[in-house]
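Participant: Submitted below is the structure of interest, expressed as structure tokens.
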Amino acid sequence: MDATDPIIEMRNARVTYDDGETFVLDDVSMAVERNEVVGVVGESGSGKSMFASAMLDAIPDPGRLSGEILYHKDDGTTIDVLELSPEELRKFRWEEVAMVFQGAMSSFNPTMKVGGHFEETLKAHDADVIEGMARAEELLADLYLDPERVLDSYPHELSGGMQQRALIALSLVLEPNVLVMDEPTAALDLLMQRSILMLLQELQEKYDLTMVFITHDLPLVAALADRMAVMYAFDLIEVAPRDQLIGDSGHPYTRALLNSTPNLDAPLEEMRAIEGQSPAPINVPSGCSYAPRCPLATEECREVDPEFYETGVGHSTACHHWERARETIDLNFEAVEDDAVGADTEDHA
Amino acid sequence: MSQTHDTADRRRQDEEPLVSLEDVEVHFEKNQGLFDFFEEPEVVRAVDGISLDIEENDVLALVGESGCGKSTLGKTSIGLQRPTAGTVRYRGQDVWAAKDGRGDVDIPFDEIRSSLQIIHQDPGSSLNPNQRIVDILAQPIKLTHPDVGPTERRERIYSLLERVGMNPAADFADRYPHQLSGGEQQRVALARALLMNPDLILADEAISALDVSLRVEMMDLMLDLQEDFDTSFVFISHDLSNARYFAEHGNGRIGVMYLGELVEVGRAEQLIEDPGHPYTNVLRWATPDLALHADGASEPPMRKIDIPDPVDPPSGCRFHTRCPEAREACREACPALEGETGAHRTACFRNQPDHEYWDSAPLED
Ligand SMILES: Nc1ncnc2c1ncn2[C@@H]1O[C@H](COP(=O)(O)OP(=O)(O)OP(=O)(O)O)[C@@H](O)[C@H]1O
Ligand code: SF4
Ligand code: SF4
Ligand SMILES: [Mg+2]
């Protein structure tokens, strides 16, 4: 799939610390399509938060971001995000691309009512407060919250799930086009996580949002995403439409990740952990970074860092032996799928 | 429910369940705000009327939403939380009578406490940051085996570290907790608990802070050690697929909690295959699967997203405000956990074919 109507294009993004000694994002390029939901999956320490922050030029100090981040506005003009002045960047981060992090508690000021946060944000951006507060109420109601009660509460008076939903409403109050979320539900129980995902889907449809959802929890985001991207050792290793990534992934790591997650329907014996540990920023091996853990690694893998191979429609895989991976690494939930879905397997497109 | 306790006390200790809860209740008085001096203190009903037995070599996985009382029930089972009503027995000995020195105390409180151990969700904060791993692990050995010399102590620590997958032990033993990954810290916490030779370990969300991809590994390790060390586990998780993995592998049960009550308990396979309680169904919905052509995040089988305040739980069946099957009868009466101890038990009128529930009108919001 050629990038038909990208809204954000990240080109060769690199983030380094220690004067360039350690990479925490290694030459990553990816385009996010307008109105799609992208799920970005990676283990802790894989660089996925850096990926999220890079989109908004929000890398924590003293990290250095290089490369290019382009934002294509609805009116056809393009913004070069890394060239924005601090003031322009501040506006960009709320009005075009908004961000929600894990842990609403730390994002709210504990001594200010939730309503105060909405008002302050609207004022800081010279927005019409009355109109803005009406929008806030609608957003809160969209998130199954009682607007009056929530606006009039202090953050600690709300449950964790309510706080996180209020934070999502706040991030949308200035009508951004894109919502970037980094583990937005990780501190919540599973039922609340799933409920929020369902609500995000409704918001996405209602407001034509583009969403980037970053998490370590592949099955969770799979319920929401149109397209998924997998990160390993500070780089993307596979990008594909959701069903392809789950049913026909070509990367041994993605396949191991799929097999390592407990699943209510998969046979118990077949879930297994991924052997070994992912590399730290300082000792990423040369060649393929997954080679030390990969059951299919060859001499070629240890010498040549795999580029993206086109492994399906809109499906890119950074693995020299993607065909062999598909043939030899079975997916443990396939047996269940075959029974359930029967001959209906259009995922080999 | 109270049985003829005199005879029960006299039974031989090893015929008793390892831990037995009878009509246990834990109510907390909520801290009052500055202006609430004159009001009645609010009471959080964290655990309400739960009876449960845990046997030797048993596995019980507790699931439910945040705030439903899983941790409180878990801590009550290991004698860390005093119940406000009901009894907790360890091998027949009333745990809090032992603590208070009431009646004939067959098993001293200290012995009970060291037989019942806990691993927390956040291992980082439960390990002393200023101590090396080897010193952290030396403490329980000094407690349980004061006559073991330093050389043997180090040997035991090294072999246990290797047993919990930290190879080579010498590489890890002299590090401080912050020099370990979350998964490694959790292994140390597990090793420390095991050194007390416990009969029961409470693993309270012990894998929740780990990456999804590391959880299976940690559960496998606990299950392996369960066999080697003959320990029982109470495994707390808000994730039904983890509870299923742990309980089914450990040949144990899953208990589903809702607002302080146990609403369903049964063998893991059966509870997952054929849930008897509408709330268990909700937890199933919340558990992601990797089905292809998913229809996205479908509507949940419940009427409201947010759990009611445990200070003021709904009347009748506590789930009636969210239950998709709720009828008028559910608002009035509270369904009991039907069935024999040890069998699959469910607290819902829908399991009683003759109940007036079937003739009453559906609840609308
Ligand atoms: N020491 C305490 N004092 C007052 N209230 C408490 C105390 N401990 C727990 N509670 C309350 O009791 C209820 C049950 O809490 P508990 O910690 O057992 O829930 P949980 O199921 O473990 O939740 P989570 O999944 O969030 O860990 C909650 O409403 C909680 O706020
Ligand atoms: S390139 Fe080689 S080492 Fe890397 S994932 Fe593919 S097979 Fe494994
Ligand atoms: S008793 Fe009624 S409200 Fe409670 S779970 Fe059963 S049907 Fe639902
Ligand atoms: Mg808890």
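Since every read-out is calculated from the coordinates, none of them should be taken as a lab result. For clarity, every value in this text was computed on a predicted model and none was experimentally measured. Here Cβ is always computed from backbone atoms with ideal geometry, including for glycine, and neighbour counts include all displayed protein chains.
Participant: Suppose we keep just the DSSP beta bridges with both residues in the protein assembly as shown; what percent of those would be antiparallel, to 5? List each step's numbers first, then the result.
Facilitator: Working: 54 of 90 bridges.
So the antiparallel bridges amount to about 60 percent of the total.
Participant: Taking square-rooted eigenvalues a ≥ b ≥ c of the alpha carbon gyration tensor, is chain A rounded, prolate or oblate, where a/c under 1.5 means rounded and, failing that, a/b exceeding b/c means prolate?
Facilitator: prolate
Participant: Based on alpha-carbon atoms only, what is the radius of gyration of region B:223-278 relative to the globular estimate 2.2 N^0.38 Å?
Facilitator: Working: Rg = 11.8 Å, N = 56, 2.2 N^0.38 = 10.2 Å.
Against the empirical 2.2 N^0.38 Å value, I get 1.16 for region B:223-278.
Participant: Can you tell me the dipole magnitude for region A:176-255 around its Cα centre, using point charges on the Cβ only (Lys, Arg +1; Asp, Glu -1), in Debye to the nearest 20?
Facilitator: 80 debye
Participant: Let me ask something else about it. Relative contact order, percent, of chain A when contacts are C-alpha pairs under 8 Å separated by at least 6 residues?
Facilitator: RCO, chain A: 19 percent.
Participant: Among the lysines, select those whose C-alpha is under 27 Å from the C-alpha of B:Lys304, and discard any that sit fewer than 8 residues away in the same chain.
Facilitator: A:Lys113, A:Lys206, B:Lys30, B:Lys70
Participant: Given the options A:Val28, A:Val304, A:Val230, which has the most mean-square fluctuation in a GNM of chain A, springs set between C-alpha atoms less than 10 angstrom apart?
Facilitator: Most flexible of the set in this elastic network: A:Val304.
Participant: Inverting the mean 1/r over all pairs of different Cα atoms, compute the Kirkwood radius of region A:244-338 and quote it in Å. Could you put the intermediate results ahead of the total?
Facilitator: On the way: mean 1/r = 0.0705 Å⁻¹.
Taking the inverse mean of 1/r over all distinct Cα pairs, region A:244-338 comes out at 14.2 Å.
Participant: Could I ask something else about it? What net charge is computed for the residues neighbouring A:Ser46, neighbours being all others with C-beta under 12 Å from the C-beta of A:Ser46, Lys and Arg scored +1, Asp and Glu -1?
Facilitator: Around A:Ser46, the charge tally is -3.
Participant: Would you mind calculating the relative contact order of region B:60-149 from Cα pairs under 8 angstrom and at least 6 residues apart, reporting the percent as a whole number?
Facilitator: Relative contact order of region B:60-149: 15 percent.
Participant: Show me the ranking of peptides A:141-147, B:192-198 by mean Cβ neighbours inside 10 Å, starting with the highest.
Facilitator: Working: A:141-147: 18.7, B:192-198: 20.3.
Ranking, from highest mean packing down: B:192-198, A:141-147.
Participant: A follow-up question, please. Let me test this: with uniform point scatterers at the alpha carbons of region A:37-158, what is the Debye-based log₁₀ I(q)/I(0) at q = 0.10, 0.11 1/Å?
Facilitator: -0.42, -0.51
Participant: Along the Cα→Cβ direction, 7 angstrom out, place labels at A:Asp57 and A:Ser106. What is the inter-label distance in nm?
Facilitator: 2.5 nm
Participant: Which of these, B:Phe235, B:Phe28, B:Phe349, has the largest mean-square fluctuation under a Gaussian network model of chain B (Cα springs below 10 Å)?
Facilitator: Judging by the Gaussian network model, the answer is B:Phe28.
Participant: Just how far, in whole angstrom, is region A:197-259 from region A:281-310 if you go by their alpha carbon centroids?
Facilitator: 23 Å
Participant: How big is region B:120-259 along each principal axis, measuring the range of its Cα positions in Å and listing the largest first?
Facilitator: The Cα atoms of region B:120-259 stretch 47, 29, 28 Å along the principal axes, largest first.
Participant: Indicate the gyration tensor shape class of chain B (rounded, prolate or oblate), computed on the Cα atoms with a ≥ b ≥ c the square roots of the eigenvalues: a/c under 1.5 is rounded; otherwise a/b larger than b/c is prolate and the rest oblate.
Facilitator: prolate
Participant: May I ask which residue of A:Leu268, B:Asn167, B:Gly149 lies farthest towards the positive end of the charge dipole of the protein assembly as shown, with charges of +1 (Lys, Arg) and -1 (Asp, Glu) on Cβ and the Cα centre as origin?
Facilitator: Checking the options against the dipole of the protein assembly as shown, the answer is B:Gly149.
Participant: Quick one: give the max-minus-min coordinate of the C-alpha atoms of region B:210-365 along each principal axis, largest first, in Å.
Facilitator: Extents along the principal axes, in whole Å: 52, 40, 31.
Participant: Which of rounded, prolate or oblate describes region A:128-191 when judged by the alpha-carbon gyration tensor and an a/c cut-off of 1.5?
Facilitator: oblate
Participant: Let me know the Kirkwood hydrodynamic radius for region B:144-213, please, with Cα pairs as the basis and the value in Å to one decimal.
Facilitator: 13.3 Å
Participant: About the Cα centre of region B:239-365, how large is the charge dipole given +1 on each Lys and Arg Cβ and -1 on each Asp and Glu Cβ? Please answer in debye to the nearest 20.
Facilitator: It works out to roughly 280 debye.
Participant: Using +1 at the Cβ of each Lys and Arg and -1 at the Cβ of each Asp and Glu in region B:130-264, identify which of B:Val263, B:Phe233, B:Ala138 lies farthest towards the dipole's positive end.
Facilitator: B:Ala138
Participant: Hey, what angle do you get for helix B:212-229 against the long axis of chain B, alpha-carbon based, 0 to 90 degrees rounded to 10?
Facilitator: The answer is roughly 70 degrees.
Participant: Let me ask something else about it. Using the reciprocal of the averaged 1/r over all distinct C-alpha pairs, how large is the Kirkwood radius of region A:136-235 in Å?
Facilitator: Details: mean 1/r = 0.0700 Å⁻¹.
Hydrodynamic radius (Kirkwood, Cα pairs) of region A:136-235 is 14.3 Å.
Participant: Here is a follow-up. List B:Trp285, B:Trp358, A:Trp322, B:Trp96 from most exposed to least, where exposure is judged by having the fewest other Cβ atoms within 10 Å.
Facilitator: B:Trp358, B:Trp96, B:Trp285, A:Trp322
Participant: Please give the calculated 222 nm ellipticity per residue for chain B, where each DSSP H segment of at least 4 residues contributes -39500 (n - 2.57) and the sum is spread over every residue; nearest 500 deg cm²/dmol?
Facilitator: -9500 deg cm²/dmol
Participant: What helices does chain A hold that run 24 Å or longer along their axis, going by alpha-carbon atoms, with a Kyte-Doolittle average of 0.0 or more, using DSSP H for the helix calls? Could you put the intermediate results ahead of the total?
Facilitator: Details: long enough: A:190-207 (25 Å, 0.17).
Qualifying helices: A:190-207.
Participant: Here is a further query. So what is the relative contact order of region B:260-358, in percent, for Cα pairs below 8 Å that sit 6 or more residues apart?
Facilitator: 32 percent
Participant: Cross-link candidates for A:Lys91: which lysines have Cα within less than 18 Å, leaving aside residues fewer than 8 places away along the same chain?
Facilitator: Cross-link targets: A:Lys73, A:Lys123.
Participant: Can you bin every Cα-Cα distance in region B:306-361 into 10 Å intervals starting at zero and give me the percent of pairs per bin, rounded to whole numbers?
Facilitator: 24, 49, 26, 2
Participant: Assign unit charges at the C-beta atoms only (+1 for Lys and Arg, -1 for Asp and Glu), then state the dipole size of region A:200-335 relative to its Cα centre in Debye, rounded to the nearest 20.
Facilitator: 280 debye
Participant: From Cα coordinates alone, what are the radius of gyration and Dmax values for region A:209-297 in angstrom?
Facilitator: Using the Cα atoms of region A:209-297, the pair Rg, Dmax is 13.8, 40 Å.
Participant: Now, a different point. Quick one: in the protein assembly as shown, what % of C-alpha pairs are over 39 Å apart?
Facilitator: Numbers: 100683 of 254541 pairs.
Counting pairs separated by more than 39 Å, the tail of P(r) holds 40 percent.
Participant: Still on this model: Pick out which of B:Leu143, B:Leu60, B:Leu262 has the largest mean-square fluctuation in a Gaussian network model of chain B, springs linking Cα atoms closer than 10 Å.
Facilitator: B:Leu143
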